Structure formats: structure tokens, C-alpha cells
1. Hey, among the residues in segment 205-222 that are small (G, A, S) and over 18 Å from the mean Cα position of the chain (by Cα), which one's surrounded by the most Cβ atoms within 10 Å (Cβ to Cβ)?
2. Being surrounded by fewer than 24 Cβ atoms within 10 Å (Cβ to Cβ), in the same structural domain as G54 (by TED's automatic domain parsing) and at negative phi: is that true of A169 here?
3. Checking K268 against (1) closer than 15 Å to V228 by Cα; (2) of a type in the set (D, E, K, R); (3) within 21 Å of the chain's Cα centre (by Cα), which test does it fail?
4. If L260 meets every condition in (1) in contact with a Lys or Arg (Cβ under 9 Å, 6 or more places away or on another chain); (2) under 22 Å from T125 (Cα atoms) apart from one, which number is that one?
5. Somewhere in segment 223-236, is a residue charged (D, E, K, R), closer than 17 Å to R276 by Cβ, under 16 Å from the mean Cα position of the chain (by Cα) and buried (at least 21 other Cβ atoms within 10 Å of the Cβ)?
6. Could you check, for segment 368-380, whether at least one of its residues is closer than 21 Å to P179 by Cα, among the β-branched types (V, I, T) and in contact with an Asp or Glu (Cβ under 9 Å, 6 or more places away or on another chain)?
7. Inside segment 1-115, counting only strands (runs of 3 or more DSSP E) that do not spill past its ends, which hold 2 or more residues that are out of contact with any His (no Cβ under 9 Å at 6 or more places or on another chain) and over 25 Å from G384 (Cα atoms)?
8. Going by the conditions given, is G335 assigned by TED's automatic domain parsing to the domain that holds A218, crowded, with 24+ Cβ neighbours inside 10 Å and modelled with pLDDT under 95?
Amino acid sequence: MFGTAMDGNTAMGMERLLEVAGKTEPRLLVGLMSGTSADGVDAVLCRVHGSGKGTRVEFLHLTSVEYPPEIRKLLLGDLRLLSCEEVARLNFLVGEIFAGCALRCIEEAGLGPSDVDAICSHGQTLVHFPEPDHPVIRNRATLQVGDISVIAQRTGILTIGDFRPADMAQGGQGAPLVPYVDYLVITHPTLGRIVQNIGGIGNLTYLPPDASPESVIAFDTGPGNMVVDGVVSLLIQEPMDRDGRLASSGRVHRELLEELLRHPYFRKPPPKSTGRELFGIQYSRSLIQRAYELGCTVKEDIVATASELTVQSIVRAYRNFVFPRGSVDEVIVGGGGSRNPYFMRRLREELEPLRVLTHEDIGIPDQAKEALAFAVLGNELLSGKANNLPAATGAGKAVVMGKLALP
């Protein structure tokens, strides 16, 4: 069938691909995700029924694995200092970690690798340059490590990944990608909804009532947990402000906050996306330095101001770019920030009388949301369907995102 040039293993891999792509019953998939906070990997086992607007997702099991401290330190450090060798080795090492997380998830669910149709991996973003603004090399670029060939070989499972480049090759930002999944599974026939993720970076999807692909608005609002985490790690050597306790006990320095909100990213109209290139550890260092210059030296006050930056960047994004476009009835918050009481309290205060909910309130396990989303994006690829939203990313056309690695 495949010609004499193919050995037995290659033919088996191709046969498995054709079998999975041609399935008419639900696919059993593992979604893998690690966000810009780089705290670890989430693996979600799920059953995906149908495709396109007929998609229905059945959550089965979640497994989370933390990165070893020395690896997280590398991923969150000044990436300009990484050598080519370190980037190449991280690509393979993160692939091993992702593969191990996927296998553990499958085992905890009482299944084996042969039961799973495919693994769908976002990878770990090292750098994301959505604009062609380099002085010499004038093109967009992105790099997610966690090589999908490593995952496929370690697990013996067909693996899909590297979703962003296809969109960027069509002039898009390569982000945000989850809004396509929000459009498929969260659109409401009569309610206008904002789906707000607060991961390392904050991003939103606006779904007008009975949304069409062309009517969806989606973009990165700015820092989510990233700046707060960076400030806390620099001030008290802790990875995060657990339960928002530091922010809740501090006072916001208004002059510093207004200065921070004058960053040009917040005024830029969508489509737009960002990452640690703008709001990484260097930004947190400069925030602390500027706080000291303005006489703000109480650690809790600096954390409160960094936390309020996240809240106000989200709220102002709504007021500037969403509310003028259509009605909003609900805001559904997900990501690690949805478990930060300071963020949730302040968002409810600022957005009253809108209902501010979490993914759990609409039946989606919060921590599983983004990994589930990449399972759905992989399912669309296997169904031969475009899986980006040009209205959100700015791409010239709808494309099928993702690459395949045979086991």
C-alpha cells in the first residue's frame, strides 16, 4: 500500500494516522499545555465528539507535573542569555517532560497508550515575536519547545503540535489560539460573553450572542500572573502571591500604576499579542526599581500595584475595545488568575453589574481548560478543518494549524 521504501514501523505509523483521521466515533485525545508562567505541564485526557460547530468535549482526567526548579528558572530567566545549545537541549528535555506527563495521565485514567488516538501539544513558549519589527530580520517568529517527535517516540502515540507558525505564515499574530475553541464550545445563543484567561499573560475572547467566526474579538490584554509572579520572586523569593495575600494586604501606589498603564501595548488596537518579551522578568525588575524611585518601598504595596496593573489592563481593554462593539452579559474567568481572590474581587468591583464567573460555573474544569483547547485544535486538524480565527489573529485566511509526528 505504501510502497517498498517504507519499512514496517513507518507503514504502521501511516496506517494509524489514516485510521485516526478517518474515525467516525469520538476520538480519545490527550491535550498538553504549559503557559507563560512555566510552572509546569497540564495533561488532559478527553473524548472529543464531532468537529467544527458540532464539537462536544467530554473531560475524563487531569494530571499536572511541575517543572524541576532549575528548568523553570531557565524558562523564566532572561532568554536572551540562553545559548543555541541550551535552546536545543531544552527542546528535547521539555519534550521528555511532556511525554512523561501524558503517559502518567493515561495511566492514572486506567488506560494504556494504545487506547489513545493522539496527543495534542502546545509546547512551552520560549519566545514569541508577533510583529516584523526586528531591525535586520524583518519577519514574525515564534518558538515553542517540547519537540513533538520526542513525545511521539516516547509514548508511541501520534502527536500533533507546533500550532502557531501556520497562522503567522499568513500574516497573523499566531495568537491567541484558544478563542477558536471558545467560539466552538462557549458561544451562547442569547448572551454576550467575554472569556478571560489569566495565565502568565491575560487574553480575552468576546463572543457576541450567537457568534459567527467573523464577529469574534480576541487578543492579549497584557500581563496576567507574569508580572506579579516576577515581582514576588524578586522581592521575597517565592514563586507567586499565594491566594493574593500580599496584594490584599498592600495599598496600590496610584502614581506608579498610572505610569505603568501608559505602556503603549495597552493603547494598541487588536489584533495583538504579547509575552515575556514585553512583560517578563526584566519588566518586573524595572517596575520594582521605579517603585523605589517614587518612594514606594513596602513590598506588599509593590505587589498590590503590580496586581492592580493586571486588573486595570483587563478592564480598560474591555472599555476601549470590546464594549463599543457589542453587548456583554457575562465575564467567564479562567487560568491560574481565577484562583487569585484579589483579581476576582477587583474584577467584580470594576465590572459590576456584569456577572463575573469562572469556567467551573459553566461546567469546564478550570485548570483543564487550555489543555482541553489544544485537544480540540488537534481534533480539528485530524478532521481536516481550519482551526484559527483570522478575525482574532489577523491572519490573511483560515488555515489548518499544527504539525504531525508519527510514533
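The values are calculated or read from the model by the stated rules, or taken from the named source; none is laboratory data. From a predicted model like this one, the values you see are computed outputs, not experimental measurements. We place every Cβ from the backbone using ideal geometry, glycine too, and count neighbours over all the protein chains shown.
1. A211
2. yes
3. (1)
4. Condition not satisfied by L260: (2).
5. Checking segment 223-236: not a single residue is charged (D, E, K, R), closer than 17 Å to R276 by Cβ, under 16 Å from the mean Cα position of the chain (by Cα) and buried (at least 21 other Cβ atoms within 10 Å of the Cβ).
6. no
7. Per the criteria, 40-49, 56-66.
8. yes
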